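**Student:** Got a structure here, written out as structure tokens. Questions coming.
The values are calculated or read from the model by the stated rules, or taken from the named source; none is laboratory data. Quick caveat, the model's predicted, so the values are computed rather than measured. Heads up, the Cβs are rebuilt from the backbone with ideal geometry, glycines too, and the neighbour counts pull from every protein chain shown.
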Amino acid sequence: MKRHPLQRQKGFTLVEIAIVLVIIGVLLAGVLQGQEMIENSKTKSIVNDMKSIQAAYNGYIDRYNTPPGDEALATFQARGWPNTVGSAASNGILTAPIGATFTNAAGENQVFWQALRASGLLSGDPTAVGTAALPRHRANGALGIATGQVYGLTGAFVCASNLSSKQAAAVDTLIDGPLPANNIGNNIGNLRGATGNAPLAPTALVPGGATYDETIATTWTVCMKIG
């Protein structure tokens, strides 16, 4: 009888499997690093947007000696700014109720955006009204303004809605510096915030201390003092 030699079984060697696993690990690391870079870019963009509004706000005061949004329609028209609404109560004080932060429907909230855009200090259509006039940030939320008592502080504020816990923590860190050891920074510093369904208008009271817990599916509204 003829004996046939055993055929070698074809398959991957341990070295080949190890090489494949290394390649997969490198690819996954690259994907995760890319996602982290995109997230960091979003956060920096949000902070830049808020600081741009702060710069525009203070630039307007320097140029016109009054806060944006607190001027009569006749003043706007005299500057050649047609199709704007102007303020019904021009008294040298910007009045932007916290409840109208993201509705743009009361006080001088709406006039604020029209004044900054008509003056060229902020991009966008100066004739836009309502929520359509609110700028949008990279996390798919709105930017709004509020004055008076906002999250326990007094002044003028720019607020951003619809942030994740990770984004809110990163924005807080960029504006106020490193977070405390307990990871709670939403009720201290110039950046204040609270959780809730977006867009959640800020309140007058100091928000309760809350950790930026990335495991909880929630959204944040944060406000930064600009004046």
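**Student:** Can you find, within region 136-156, the residue that is surrounded by the fewest Cβ atoms within 10 Å (Cβ to Cβ) among those that are of a type outside the set (A, V, I, L, M, F, W, C) and over 10 Å from the mean Cα position of the chain (by Cα)?
**Tutor:** This residue is Thr154.
**Student:** When region 204-227 is examined, which residues are found to be surrounded by fewer than 19 Cβ atoms within 10 Å (Cβ to Cβ) and either of a type in the set (Val, Ile, Thr) or farther than 17 Å from Leu153 by Cβ (or both)?
**Tutor:** Val206, Thr211, Asp213, Glu214, Thr215, Ile216, Ala217, Thr218
**Student:** Turning to a different aspect of this structure: Could you please find all residues in region 172-191 being touching a residue at least 24 places away in the same chain (Cβ under 8 Å) and farther than 22 Å from Glu39 by Cβ?
**Tutor:** Answer for region 172-191, where residues must be touching a residue at least 24 places away in the same chain (Cβ under 8 Å) and farther than 22 Å from Glu39 by Cβ: Asn182, Asn187, Asn190.
**Student:** Further question on the same structure: Can you say whether Ser90 is under 24 Å from Val206 (Cβ atoms) and not β-branched (Val, Ile, Thr), as far as the supplied structure shows?
**Tutor:** no
**Student:** Could you list, ordered by first residue, the pairs with Cβ atoms under 9 Å in which the first is in region 19-41 and under 29 Å from Asp172 (Cα atoms) and modelled with pLDDT of 70 or more and the second is part of a helix (DSSP H, G or I) and among the charged types (D, E, K, R), at least 6 apart or interchain?
**Tutor:** Matching pairs, first to second residue: Glu39/Lys166.
**Student:** A follow-up question, please. Using the structure shown, decide if Ala160 is of a type in the set (Gly, Ala, Ser) and touching a helix residue (DSSP H, G or I) at 6+ places or on another chain (Cβ under 9 Å).
**Tutor:** So Ala160 passes the test.
**Student:** When Ala128 is evaluated against the numbered criteria (1) part of a helix (DSSP H, G or I); (2) touching a residue at least 12 places away in the same chain (Cβ under 8 Å); (3) over 17 Å from Gln54 (Cβ atoms), which criterion, by number, is the only one it fails?
**Tutor:** Unmet for Ala128, out of (1) part of a helix (DSSP H, G or I); (2) touching a residue at least 12 places away in the same chain (Cβ under 8 Å); (3) over 17 Å from Gln54 (Cβ atoms): (1).
**Student:** Hey, any hits in region 109-125 for a residue that's aromatic (Phe, Trp, Tyr) and either closer than 17 Å to Lys51 by Cβ or modelled with pLDDT under 95 (or both)?
**Tutor:** Scanning region 109-125 turns up at least one residue that is aromatic (Phe, Trp, Tyr) and either closer than 17 Å to Lys51 by Cβ or modelled with pLDDT under 95 (or both).
**Student:** Pick from region 95-116 the residues that are β-branched (Val, Ile, Thr) and in a helix (DSSP H, G or I): which of them is farthest from Thr154 (Cα to Cα)?
**Tutor:** Val111
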